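Structure record follows, encoded as structure tokens.
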Amino acid sequence: MDAYYVYVYKEDDDVVYVGMGQKGRAWHCGHMQGDTKERHNWKEEQMGKGRLPCDWVTVVERGLSKGEALELEELLIKEKAPKLNQLHNPDYDARQIKLDLAVIKQLREDNTSYRKIAKQLGVSPMTVYRQVNGVRQTKLATQHRGAY
């Protein structure tokens, strides 16, 4: 059984974050691996207002493979441009990772982990993975275009 899902965080009716995960990742309130300072602070702010994760988390699609979840997550990030996703955060310089793509690929060929590369660049391991491997749109992602 495919156990991954894609979820969004909402503030009022605005999508502020798109993510994918399994088990209880979407509802985790503490700092998680891959969390940005901005996203962590946003969750803390919401709880300070008396809101709980059940108030801001919406599962868009469940029962996905990891690949399907990654593709749908990428599609929704492109469509919604949420403020808490790094690639759409005005303080995040996405050019840095693009400029270093050749270096990153060489490091991967030398068996340097995504985590180690990400730490050096100050981004998440998933961001490095996506840059190195690319994300292609599949039928699943196409079916969800504009559905949410």
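Numbers at a glance
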item: Among the residues listed as E38, E61, E11, the single one being surrounded by fewer than 20 Cβ atoms within 10 Å (Cβ to Cβ), among the acidic types (D, E) and at pLDDT 90 or above; result: E11
item: Residue list for segment 25-35, restricted to those being at pLDDT below 80, more than 17 Å from K119 (Cα to Cα) and under 14 Å from the mean Cα position of the chain (by Cα); result: none
item: Every pair of residues 6+ apart whose Cβ atoms lie under 8 Å, when the first sits in segment 54-74 and is without any contact (Cβ under 8 Å) to a residue 40 or more places away in the chain while the second is small (G, A, S) and surrounded by fewer than 13 Cβ atoms within 10 Å (Cβ to Cβ); result: none
item: All positions within segment 30-81 that are of a type in the set (G, A, S) and part of a helix (DSSP H, G or I); result: G48, G67, A69
item: Single unsatisfied condition, W56 versus (1) in contact with an Asp or Glu (Cβ under 9 Å, 6 or more places away or on another chain); (2) modelled with pLDDT under 80; result: (2)
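The values are calculated or read from the model by the stated rules, or taken from the named source; none is laboratory data. Nothing here was measured: the structure is a model prediction, and the numbers come from that model. Glycine gets a Cβ as well: all are built from the backbone with ideal geometry, and neighbour counts include every protein chain shown.
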